[in-house]
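**Q** Right, I'll just put the structure down here and ask away after.
The values are calculated or read from the model by the stated rules, or taken from the named source; none is laboratory data. The model shown is predicted, which means the values in this text are computed figures rather than measured ones. Here Cβ is always computed from backbone atoms with ideal geometry, including for glycine, and neighbour counts include all displayed protein chains.
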Amino acid sequence: MIYFQDNTIRDGMQQRAVNKSIAIKKQIIDEISRTRINSVEIGICDSLQDLSILSEYMNILRKDQNGVVLTRLMETSIDLGTELHSKYPNTVLKLLVPISKMHIEEKLKTEKTIYFKRLERILKYSQQKELNIDIVLEDSTRANKQVLFEVLSIVSNYKIGFVTLADTVGCSTPTEYGYLFKEVRGKFPKLKLSAHCHNDLGLATANTISAIINGATQVETTFLGIGERAGNTSIEEVVAVLYKKELNETELNLKSIYKTSNKIREILEYEIPPTKPIIGSNIFVHESGIHQDGTLKNIEMYQYILPSELGIPNSTNYSISGISSKKILYQYFKNIVGSEIDVDDLIQFYRHLSKVTDKLTPEDCLELYQFREREKNGNIRS
């Protein structure tokens, strides 16, 4: 079983030009609460004000849906999380643990030995308070393997939910990321591993699937694939792959996720690239004549994801251009011209002009064709 943690309102909303208001986040949480997503990362708790806002978010989630709070390695942050957990037992504190040399030495301004002691101190402190604890190992894919294993050795001594191996800057490949999970799984078989990927190389979904194949039992995704820089792993793509390839069981339904994605897009007023897999407006559009002819005969000829699998009636959308099939062009022109026009000749004329410019619409071409015919027949007055 693959569990899904949604990162849309925390990591996803670090994307530039995305509405980050509390009201918008509440609407999105409400939509997510209607799905079978297992947990939702709702933010960071560093102050009483944060605590108040996160409480409002927790009120929206279902009781069987965990609210995950990204938490720094500080007693004060644990105390705030403890207060939230006392009101909402489905609260999970996800300890943020940067582990690459760059992050430890340059960002945190500390050294490994001191940092490891701090981690152990916080783990003991959290355990005493009987909290639900997850851990995210930030920048795992650029960390020294020995350091990674040392941290995991410490973590494995405590009661932990999921341990996230984060590809924080999206630098990994499916082979590398999958092997990392395989290695960790081999050395620490009792740990439950979670995948968190960024799309800087366009590999977030591929890396996430590789992690699943190699032992991850949870994946962290965002709706629409939004997130900082090039974005995060798209939930729509991962669910589609699991469904089409029958890789692993999940409680999520592709039709439901597609429906929720469109609602979240509307809430955010977010413009999705037309070629975005699964949710882009162009995914059922065919312009090539060979593809148009093929899908007329059998929709699966050139369509792997079917509209019906997303909860849409099966149909095809044929774009009109000079490379469209003759059958499609004939039907299109037949609907806009009278019987006095030779449609076959008009199609030939349109295809010829389309090789010169793609700026002409079929209607423009019809006007030019009619002008040419009048000129040929001597019906043009000077």
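**Q** In the stretch 202-256, what residues are on the phi > 0 side of the Ramachandran plot and free of Cβ contacts under 8 Å to residues at least 24 places away in the same chain?
**A** Of everything in the stretch 202-256, just one residue is on the phi > 0 side of the Ramachandran plot and free of Cβ contacts under 8 Å to residues at least 24 places away in the same chain, namely Glu246.
**Q** Here is a further query. Only one of (1) crowded, with 17+ Cβ neighbours inside 10 Å; (2) at pLDDT 80 or above is not met by Asn298, so which one is it?
**A** Condition not satisfied by Asn298: (1).
**Q** While we're looking at this one, here's another question. Just checking, does the stretch 192-201 include any residue being in contact with a Pro (Cβ under 9 Å, 6 or more places away or on another chain) and assigned by TED's automatic domain parsing to the domain that holds Tyr158?
**A** Within the stretch 192-201, not a single residue is in contact with a Pro (Cβ under 9 Å, 6 or more places away or on another chain) and assigned by TED's automatic domain parsing to the domain that holds Tyr158.
**Q** Now for a separate question. Scanning the stretch 42-71 for residues that are out of contact with any helix residue (DSSP H, G or I) (no Cβ under 9 Å at 6 or more places or on another chain) and in a strand (DSSP E or B), which turns out farthest from Glu228 (Cα to Cα)?
**A** Per the criteria, the residue is Asn66.
**Q** Also, I was wondering about something else. When the stretch 228-256 is examined, which residues are found to be within 11 Å of the chain's Cα centre (by Cα) and within 18 Å of Ser39 (Cα to Cα)?
**A** Residues satisfying the conditions are Asn232, Thr233, Ser234, Ile235, Glu236, Val238, Val239.
**Q** Does the stretch 129-150 hold any residues that are under 23 Å from the mean Cα position of the chain (by Cα) and either outside any strand (DSSP E or B) or over 17 Å from Leu193 (Cα atoms) (or both), and which are they?
**A** Those that are under 23 Å from the mean Cα position of the chain (by Cα) and either outside any strand (DSSP E or B) or over 17 Å from Leu193 (Cα atoms) (or both): Asp139, Ser140, Thr141, Arg142.
One line per residue, one yes/no per condition, for (1) surrounded by fewer than 21 Cβ atoms within 10 Å (Cβ to Cβ); (2) modelled with pLDDT under 95:
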| position | (1), (2) |
| --- | --- |
| Met1 | yes, yes |
| Ala23 | yes, no |
| Cys45 | no, yes |
| Glu56 | yes, no |
| Asn66 | no, no |
| Met74 | yes, no |
| Ile78 | no, no |
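**Q** Given Asp167, Asp200, which one is acidic (Asp, Glu) and crowded, with 21+ Cβ neighbours inside 10 Å?
**A** After ruling out the rest, the residue left standing is Asp167.
**Q** If I filter the stretch 340-359 for residues that are outside any loop (DSSP other than H, G, I, E, B) and of a type in the set (Phe, Trp, Tyr), do I get at least one hit?
**A** yes
**Q** Would you mind telling me which numbered condition in (1) modelled with pLDDT of 90 or more; (2) not in a loop (DSSP other than H, G, I, E, B) Ile290 fails?
**A** (1)
**Q** May I ask you to list the residues in the stretch 342-360 that are over 11 Å from Gly322 (Cβ atoms), out of contact with any helix residue (DSSP H, G or I) (no Cβ under 6 Å at 6 or more places or on another chain) and modelled with pLDDT of 80 or more?
**A** Correct list: Asp342, Asp344, Asp345.
**Q** Please enumerate the residues belonging to the stretch 142-157 that are out of contact with any Asp or Glu (no Cβ under 8 Å at 6 or more places or on another chain), loosely packed, with under 14 Cβ neighbours inside 10 Å and not small (Gly, Ala, Ser).
**A** Those that are out of contact with any Asp or Glu (no Cβ under 8 Å at 6 or more places or on another chain), loosely packed, with under 14 Cβ neighbours inside 10 Å and not small (Gly, Ala, Ser): Asn144, Gln146, Asn157.
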